[in-house]
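Read-outs: derived from the displayed coordinates by stated rules, not from any lab. Because the structure is a prediction, the values reported are computed rather than measured. Using ideal geometry, Cβ is built from the backbone for each residue, glycine included, and neighbour counts are taken over all protein chains shown.
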Amino acid sequence: MRCVMSDLERRLRAAMIAAAEQPPAGLMQAIRRRHRRHIRRVGAACVAAVAAVAIAVPPVAHALRAGHATGGQPAGPAATRPAPALSSSAPAAVPTTPSADACQPSVGQLASNWRDGSLRAGPVWFVYARREGYVRLASSAGAPPGPHRGGKPEVGVMIVEVDYGFRAVLTVAASARPYFRFLDGFTNGSGPYPLRDGLDSLTLAACPRGTPPGDNGRVSDYYLGFIIKRGSEAPVAVRTATAARPVRVIFTCRRRGCNT
Amino acid sequence: MSVGDQGDVIGAEDAAASFEYFVDGSSARLFTMALLLTGRQRVEAEDLLQGVLERAYRRWRRICQNGDPEPYVRQMLVNASVDRWRLLRRRPEEPLPAAGAGPAAGDQASEIADRDLLLRALALLPAGQRAVLVLRYFNDLSEAQTAATLGCSVGSVKSQASRALARLRVIAGPAAGPEPGSGAGRGDGAVRHE
């Protein structure tokens, strides 16, 4: 049941009813226009989200795959080193490259057949490089392509083994220095690594021959960090005291992300 | 009108047709409501109504499944107007122009001036109070229906309406002679802050 309206309520009601106006012309068209705009905005947001996922997933998936292929990250000393899952936006999570003269028999156990998929450059083993293709021996036929135009600097990391008793010096070819460097000590805080943070040359000194074998045999383990323009190929010379000529290898970072 | 009576599940074309039918039938009422909710700012009212109807269009089939879509759209309109008011509430209140002598009863020009004064006073109320008055006196909803639309209790509707009317009385005053029990004479033409 309704109460009796006061004078003010009656006046207010009359005023509201008298305020009635016709809706604007073309209301339906305006609604359709707005709807189309909304659809376009949502579509653009979806495309952006898909693009972001497409960019982010390959490196992460690869890092995860690499982790599974090696039976997970090495235990033990690796606990103090973050896993080599990397992305250019979070370089702080990348492990440190060992100092040149450190002797470390092992930082964790690889699969027993790790040598099968690895690329050998004298006493230096680029673990799973043969399988993954992130490092290959330089062929004599022509020079590798230069920096990829428009490629963004990408941080990569790989596991390298050096036979006991050897000291290997990795030197970036002069032509590749504008787009490729090694990273020695990932101490750049949370910011991205600029190329100038890297090194042209890196020495990996394995343990002496008499050192007891580690988890992966008579080799010293290293996480080797590097920064490279995505899509580029960089020649690197691997020199050891015993070899008369350096072995040349090509580091690559394909468009779908650096291999680790 | 009950678009939902056409069936629980309607196709895309049917939904578009039923939406157009709804807009044809309800747009005048909804536009006036938007005008009242925005304080008779025509451009903002158009924008508010278009935005609300576009959102309703997106989920039209679901809205229609619940029966008559108008209460739902009305609720969307009220919510959107309150949201908009929250965004703009830092805007200072504008004083009403001096009304001079009170309108005499029976004078048509005075009646129009009185309505205008009331609607401008309505525009100065907080969005919640304005929504209560619009739903109660323009949409002619009961206190319970108003409470359901606003998602609050009947007591809250009563108190909001009471405060809003008290403020209107202060601002607009009686049309002809003192209102019984109001205790407030005509204001001096400026908004008074309670």
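Going by neighbour counts of Cβ atoms within 10 Å, the residues A:Tyr128, B:Tyr57 line up, fewest first, as B:Tyr57, A:Tyr128. Per residue of peptide B:53-63, the mean number of Cβ atoms on other chains within 10 Å of the residue Cβ is 3. Taking every Cα-Cα distance in the stretch B:10-90 and sorting them into 5 Å bins from zero, the calculated P(r) comes out as 3, 15, 27, 24, 15, 9, 5, 2, 0 percent. Across peptide A:20-30, the mean count of Cβ atoms from other chains lying within 10 Å of each residue's own Cβ comes to 6. Averaged across A:219-225, how many Cβ atoms of other chains sit within 10 Å of each residue's Cβ atom? Per residue, the average neighbour count from other chains is 0.
Computed from backbone phi with θ = phi - 60° and the Karplus coefficients 6.51, -1.76 and 1.60, the 3J(HN,Hα) list for the stretch B:63-75 is 5, 5, 5, 8, x, 4, x, 4, x, 5, 5, 4, 5 Hz; x is used for glycine and proline. Cβ crowding within 10 Å, taken as a proxy for footprinting-reagent exposure, orders A:Trp114, A:Trp125 from fewest neighbours to most as A:Trp114, A:Trp125.
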